[in-house]
Amino acid sequence: MMKKGIMMILLSCFLGGAAMQAQEKNQVKDILTGADHDAWKGLRFSYDRSILKSTADNSDLKQGFNGFTLSYVYAWHFTRTLPFFVEAGGGVNFWRHSYDASEDDVTLKTYQNILGLYIPVNVVYKIRVTDKIALKPYTGIYFRLGLLGKEKYESGVDGHTVSDSYNLYGSEGGDWKRFQMGWQIGLTADYGSYNFGIGYGIDFNEAAPEARFGSFSLRVGKNF
């Protein structure tokens, strides 16, 4: 019995030492290659500059929107060796366009407000630079669902103005489409538990009649 116990202890020590040696080799390899297999989750806030551009031939119509996106993301490692991750999430975005062509005693103003859901799904490659810094280039797709969309205009002469508003979605409104899908690409960087990044995305399908969005974003977030 004692011999079996000693043999089990020796075997456990051998296996433990082998596991520690393998782990040390993997850690050295990860340091040399910059690989990092630690997943993450967190909150993201971005400033969005979105351009609604006409898809019609011989049209240069562009309409700028300013807004923000607040979202939650969750990533998981999906390869055995390489630091590739899938990052998915969900959140809300709010974009606003304003136009003022008023001159002297003539008033002409329009506003468009859009509130929607945003669902990104990206493939991320994580590169560990230092203990605190990691770079994360990414690319993937996103889905956007319009919840509310309103356009308001004001017009008048000599201070006498009238205003009206209507729904952007639906055939009785502006005939905008609620659902969009698109492609995005960008780069983020972790500094400690904080995340900073820049990205660009473009819709596959139209958001307004003969027009679709392209969006630049500046992001900041917190990992947990």
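Of note:
- The single residue among TRP176, TRP183 that is open to solvent by 70 Å² or more (accessible area, probe 1.4 Å), on the phi < 0 side of the Ramachandran plot and among the hydrophobic types (A, V, I, L, M, F, W, C) turns out to be TRP183.
- Applying the criterion of at least 2 residues that are within 20 Å of THR139 (Cα to Cα), without any contact (Cβ under 8 Å) to a residue 24 or more places away in the chain and of a type outside the set (Lys, Arg) to the strands (runs of 3 or more DSSP E) found wholly in region 178-224 leaves 194-203.
- Residue match in region 100-116 (condition: under 21 Å from TYR194 (Cα atoms) and open to solvent by 30 Å² or more (accessible area, probe 1.4 Å)): no
- The set of residues in region 133-167 that are outside any strand (DSSP E or B) and either open to solvent by 80 Å² or more (accessible area, probe 1.4 Å) or aliphatic (A, V, I, L, M) (or both) contains only ASP158.
- Per the conditions (1) outside any strand (DSSP E or B); (2) β-branched (Val, Ile, Thr); (3) surrounded by 14 or more Cβ atoms within 10 Å (Cβ to Cβ), the sole criterion not satisfied by VAL124 is (1).
- Test: GLY199 is loosely packed, with under 13 Cβ neighbours inside 10 Å, modelled with pLDDT of 95 or more and either within 30 Å of HIS37 (Cβ to Cβ) or in contact with an Asp or Glu (Cβ under 9 Å, 6 or more places away or on another chain) (or both): no
- Boolean, GLY170 is of a type in the set (Gly, Ala, Ser) and open to solvent by less than 60 Å² (accessible area, probe 1.4 Å): yes
- Among (1) within 16 Å of VAL123 (Cα to Cα); (2) free of Cβ contacts under 8 Å to residues at least 60 places away in the same chain; (3) among the polar types (S, T, N, Q), the one test that SER165 misses: (1)
The values are calculated or read from the model by the stated rules, or taken from the named source; none is laboratory data. For clarity, every value in this text was computed on a predicted model and none was experimentally measured. A quick note on method: Cβ atoms are made from the backbone with ideal geometry, for glycine too, and the neighbour counts reach across all protein chains shown. The accessibility values were calculated without ligands, DNA or RNA, using every heavy atom of the protein model including side chains. Shrake-Rupley method; radii C 1.70, N 1.55, O 1.52, S 1.80 Å.
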